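J.: The structure under discussion is supplied below as C-alpha cells; questions concerning it will follow.
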Amino acid sequence: MLMNQMETLTVNNPARRALQRWYETPLLMRLGGRTPGARVAEIGCGSGYGTKLILDKFGAARVDAVDLDPKMIGRARRRLARYAGRVRLAVGDACDLRAAFGSGDGAYEAVFDFGIIHHIPDWRESLAEVARVLAPGGRFFFEEVTAAALARPSYRALFDHPTRDRFTAGEFLAELPKQGLQAGERWATRIGGDYLLGVAHRADPQGEESRR
C-alpha cells in the first residue's frame, strides 16, 4: 500500500532523518550488530536514506532495495548515485523479491525493514518472504508501527494504512518464529506500545541439528 502525500512528507523531513540516524540505527546495532561485507536487502526503501545508513553505518557491501512507489525509487537513485555498483534499486513488491531481483532462497545475510510492513495488507506474507531470502543465521532488522499507534486519532486523520489485520507488538513478535525467524524480548525494544524495534535471526537447521 502506497503512502499518502502527508506520510511521504513526514518520512522525508529532517526530524525523521535525525531519528533514524541517531536513535534507530544505534539501537538496532546494539540489538543485532553491524553487517560488514554483507549482501543485504531492504524492503520499502523510500527515498534511499535508510539504504545509505545500511551502507555507511552497518557496513554492508551490497544492498538490493525495493519500493512500490516509482517516485521514491527515483529519489533513491539520485541520493545513492555515488554508490554505483553497490546498490540495486527496483520498483517492486516486498512480498516478491524474486520478481524484483531474481532473489533466490537464502540470497541475503541481512534484511532491513524501516517501517514498511505495517503498510502491507498481508504482512505475514512479507515476513515469509523475509525468511525465504535470508541465509541460515541471517538477521532481520525491523522498525515497525503497531496497531496501537495506527488507532490513534492523529494517525487516522493524517495517514492511510490497511484497516484490517493490524498487528500489535506481541503479535508481530509471535509471528516471527512461525516463519522460521528466531526472536524474543531480549532482541526487541517497545516504545510506548506504539513502536517496535528489534532483530530476528533466520533459523539455522545445521546449527539446530548440532545442538541435539
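Throughout, read-outs are computed from the coordinates displayed, never taken from laboratory work. Since this is a predicted model, take the numbers as computed values, not measurements. Every residue, glycine as well, gets a Cβ built from its backbone with ideal geometry; the counts of neighbours run over all protein chains shown.
J.: Given the C-alpha centroids of the range 42-56 and the range 107-136, what is the distance between them in whole angstrom?
T.: 15
J.: By counting other Cβ atoms within 10 Å of each Cβ, how are ARG82, ARG139, ARG17 ranked from fewest to most?
T.: ARG82, ARG17, ARG139
J.: Also, quick follow-up: Of all DSSP beta bridges in the chain, what percent run antiparallel (nearest 5)?
T.: Antiparallel: roughly 40 percent of the beta bridges in the chain.
J.: Suppose each label sits 7 Å from its Cα in the direction of the beta carbon; what would the ARG152-LYS178 distance come out to in nanometres?
T.: 2.7
J.: Counting other Cβ atoms within 10 Å of each Cβ, which trypsin sites (Lys or Arg not before Pro) in the range 143-181 have at most 11 and sit in a DSSP loop?
T.: ARG164
J.: Peptides 112-124, 43-55: what's the order by average Cβ count within 10 Å, highest mean first?
T.: 43-55, 112-124
J.: By the scheme Lys and Arg +1, Asp and Glu -1, what is the net charge of all other residues having a beta-carbon under 13 Å from that of ARG34?
T.: +1
J.: Suppose every K and R has +1 on its Cβ and every D and E has -1 on its Cβ; what is the size of the dipole of the chain about the Cα centre, in Debye to the nearest 20?
T.: For this selection, approximately 880 debye.
J.: Let me ask you something else. Considering Cα pairs under 8 angstrom that are at least six residues apart, work out the relative contact order of the range 5-203 and quote it in whole percent.
T.: For the range 5-203, the relative contact order is 19 percent.
J.: So which lysines pass the test for LYS71, namely a Cα distance under 23 Å, with those fewer than 8 places away in the same chain ruled out?
T.: Straight-distance partners of LYS71: LYS52.
J.: I've got another one for you. Counting alpha carbon pairs within less than 8 Å and at least 6 residues apart, what relative contact order, in whole percent, applies to the range 105-212?
T.: Dividing the mean separation by the residue count of the range 105-212 yields 32 percent.
J.: Please work out the FRET efficiency for the pair ASP204 and ARG86, using the Cβ-Cβ distance as r and a Förster radius of 30 Å; give the result to the nearest 0.05.
T.: 0.65
J.: Once the other residues with Cβ under 9 Å from the Cβ of ARG132 are scored (Lys, Arg +1; Asp, Glu -1), what is the net sum?
T.: Net local charge, ARG132 excluded: -1.
J.: Let me ask something else. Give me the extension gain from ALA128 to ALA18: residue separation times 0.36 nm, minus the current Cα-Cα distance, reported in nm with one decimal.
T.: 36.5 nm
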